[in-house]
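**Student:** Encoded as structure tokens, here's the structure I'll be asking about.
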Amino acid sequence: MKINNTMSGKKEEFIPIVPGKIKMYVCGPTVYNYFHIGNARPFLFFDVVRHYFQYLGYQVTYVQNITDIEDKIIAQSIREEIPFQAVSEKYINAYYEDLAKLGIAQADIQPKATSVVPQMVTLIEKLIQNGHAYEMNGDVYFSVESFPGYGKLSGKKIDEQRAGSRVEENKEKKHPGDFTLWKKSKPGEPVWQSPWGEGRPGWHTECVVLSRENLGDTFDIHGGGIDLVFPHHENEIAQAESLNGKPLANYWMHNGFLNIEGEKMSKSENNFFTAREVLEEYSAEAIRFFFLSKHYRSPIDFNRAILEESDRAVKNFYNTFRDINFENFKTESLTTGEELTWAEAEFREAMDDDFNTAKALALLFELNKKAHSNELSFDQKKASTLLLYKLGSVLGFFQDMNAFDTKPIDSDLDAFVQAQIQIRNKAKAEKDWATADQIRKNLIEKGIELMDTKEGTEWKQK
RNA sequence: GGCGACAUCGCCAAGUGGUAAGGCAAGGGUCUGCAAAAUCCUCAUCCCCGGUUCAAAUCCGGGUGUCGCCUCCA
């Protein structure tokens, strides 16, 4: 198993700290709004990472924080004129809802930042004692010059940056790169008590506390979006290593950004979509396919055409399940036999190579082809289908086998359509093609499509 | 100014030295009253120029282009 480690910039052989067990931490949402489709990428990808490790037999502990105190949440609470807790609560619930709709399992531990404020205060106190942090008028800053390793993750050297060019110069700071650990509160803001007066913790400290509390001083994998490399993860490392000199995590994984129509997604461009908006138009499986069809570290472009392509691609699998009547043997145990072990081996080979999901998907399509081939026996096709289902499930597909089903939901509508089908079948029997086609046409105008199969006429709503 | 990524068929995309996976779209055949689905077949020499090598999309150098980070950001 090889993983591209941002720390070294290379693919490294993955060796867990404790054999058979994996501890991973991924930066979670700041709950001031519904999360957008770009946020969904790490959520979805690291969920696949977790499931793949579990498939390999590892026991995984997955921690993801929830940032429930932060400038944007406060701004939102002022805007909506409600307490900040009400804002965070609302969007935490929305977060869980959207994850579920996307077919993403929750992390094993999902602590809130506000649950560990005293621990953050303690950590900051230690950093002050160690000479790594200093207090100025109620604010506390981390001194980047006190930590020689600062910049080792991102490859940045603090003195080569354009100090103060894009950031407002803060005269309180000893060095322009010093970052806030504790922020003095302004009137009307939520406050916590501290040795430096009333205030609130900075963002970079919560992940240090939450990861170490739940996973120990050093854990296996720390993940997040590539934009977090600097400064967030760099700052986490600075704090953690300044405490005890131990690495915070052994492997740092970062996913590439999602662009919209080639442009960076941003509010000022007004070109971002929330995950729930996208889910109104496209299936969770199509979204999953879209993300997994490209390597996680590459930037990915989001647009309608691609989502529609993804949707059509995923439908192939469901057509296979439908045509072979997968429901009838879904629960049978998989006995791939020798002829299919290569497929699973190649699947693993792809995934073992820094999670090459695009290549893994190609294997799924090869199995799909076999599952549908007219040149193979039913048993051979059945074995391919079972393996397709198994490996697809590792990638998070096929959670809802009815996702592309034709089963009607509305019984009144079904009764109506069934009646139409009856009339049409009668016309067909009498070779009255004009009437039969007219009925098909009428129904299509209502968004209903008829399909004649050997078992009779089925219908689905578009 | 510093750091980094990327450029492969109409579109998406894998491929880090041995002669271009896969998906979507398209074209043709089969099946079907029609349609849908399915099935079979067809469909690229890898941005440009040099170099290394028996051999390069893959390595090196130089261009060109696109993008990201350096500020809250997945």
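**Student:** Can you name every residue in the range A:225-244 that is more than 17 Å from the chain's Cα centre (by Cα), open to solvent by 10 Å² or more (accessible area, probe 1.4 Å) and within 14 Å of RNA strand B (Cβ to nearest atom)?
**Tutor:** A:Val229, A:Phe230, A:Pro231
**Student:** Could you say which residue among A:Gln420, A:Gln380 is without any contact (Cβ under 8 Å) to a residue 40 or more places away in the chain, surrounded by 14 or more Cβ atoms within 10 Å (Cβ to Cβ) and assigned to a helix (DSSP H, G or I)?
**Tutor:** Every option except A:Gln420 fails the conditions.
**Student:** A further question follows. Within the range A:67-82, which residues are open to solvent by 20 Å² or more (accessible area, probe 1.4 Å), outside any helix (DSSP H, G or I) and touching a residue at least 40 places away in the same chain (Cβ under 8 Å)?
**Tutor:** Passing the criteria: only A:Glu70.
**Student:** Ok, one more. Across the range A:429-444, what is the number of residues that are near RNA strand B (Cβ under 8 Å from one of its atoms), basic (Lys, Arg) and open to solvent by 90 Å² or more (accessible area, probe 1.4 Å)?
**Tutor:** 1
**Student:** Right, here's the next one. Give the residue that is modelled with the lowest pLDDT, with candidates limited to residues of the range A:149-160 that are within 11 Å of RNA strand B (Cβ to nearest atom) and either over 19 Å from A:Glu236 (Cβ atoms) or open to solvent by less than 80 Å² (accessible area, probe 1.4 Å) (or both).
**Tutor:** Residue satisfying both the conditions and the ranking: A:Glu160.
**Student:** Have a look at A:His295, A:His222 and point out the one that is crowded, with 16+ Cβ neighbours inside 10 Å and within 9 Å of RNA strand B (Cβ to nearest atom).
**Tutor:** Step by step, each of A:His295, A:His222 is checked, and only A:His295 is crowded, with 16+ Cβ neighbours inside 10 Å and within 9 Å of RNA strand B (Cβ to nearest atom).
**Student:** Name every residue in the range A:266-285 that is assigned to a loop (DSSP other than H, G, I, E, B) and either at pLDDT below 80 or more than 13 Å from RNA strand B (Cβ to nearest atom) (or both), in order of residue number.
**Tutor:** A:Ser266, A:Lys267, A:Ser268, A:Glu269, A:Asn270, A:Asn271, A:Tyr282, A:Ser283
**Student:** Turning to a different aspect of this structure: With the checklist (1) modelled with pLDDT of 90 or more; (2) touching an Asp or Glu at 6+ places or on another chain (Cβ under 7 Å); (3) open to solvent by 60 Å² or more (accessible area, probe 1.4 Å) in hand, flag the one item A:Glu263 doesn't pass.
**Tutor:** Single failed check for A:Glu263: (1).
**Student:** Out of curiosity, is A:Lys441 modelled with pLDDT under 80, over 38 Å from the mean Cα position of the chain (by Cα) and more than 30 Å from A:His51 (Cα to Cα)?
**Tutor:** no
**Student:** Go over the candidates A:Glu309, A:Glu327 one by one and state the one that is open to solvent by 80 Å² or more (accessible area, probe 1.4 Å) and either within 7 Å of RNA strand B (Cβ to nearest atom) or polar (S, T, N, Q) (or both).
**Tutor:** A:Glu309
**Student:** Restricting attention to the range A:90-109, which residues are surrounded by 17 or more Cβ atoms within 10 Å (Cβ to Cβ) and either out of contact with any Pro (no Cβ under 9 Å at 6 or more places or on another chain) or without any contact (Cβ under 8 Å) to a residue 12 or more places away in the chain (or both)?
**Tutor:** A:Lys90, A:Ala94, A:Asp98, A:Leu99, A:Leu102, A:Gly103, A:Ile104, A:Ala107
**Student:** Please determine whether any residue of the range A:245-259 is part of a helix (DSSP H, G or I) and either surrounded by fewer than 19 Cβ atoms within 10 Å (Cβ to Cβ) or within 7 Å of RNA strand B (Cβ to nearest atom) (or both).
**Tutor:** no
**Student:** Sticking with this structure for a sec: Out of (1) away from RNA strand B (no atom under 11 Å from the Cβ); (2) assigned to a helix (DSSP H, G or I); (3) closer than 30 Å to A:Trp252 by Cβ; (4) not polar (S, T, N, Q), what's the single condition that is false for A:Ala343?
**Tutor:** (3)
**Student:** Within the range A:348-359, is there a residue that is assigned to a loop (DSSP other than H, G, I, E, B), farther than 30 Å from A:Asp220 by Cα and in contact with a helix residue (DSSP H, G or I) (Cβ under 9 Å, 6 or more places away or on another chain)?
**Tutor:** Taking every residue of the range A:348-359 in turn, none turns out to be assigned to a loop (DSSP other than H, G, I, E, B), farther than 30 Å from A:Asp220 by Cα and in contact with a helix residue (DSSP H, G or I) (Cβ under 9 Å, 6 or more places away or on another chain).
The values are calculated or read from the model by the stated rules, or taken from the named source; none is laboratory data. Just so you know, these numbers come straight off a predicted model, no measurement behind them. With ideal geometry, Cβ positions are generated from the backbone for all residues, glycine too; neighbour counts draw on all protein chains shown. Heads up: the accessible areas ignore ligands, DNA and RNA and are worked out on the full protein's heavy atoms, side chains in. Shrake-Rupley method; radii C 1.70, N 1.55, O 1.52, S 1.80 Å.
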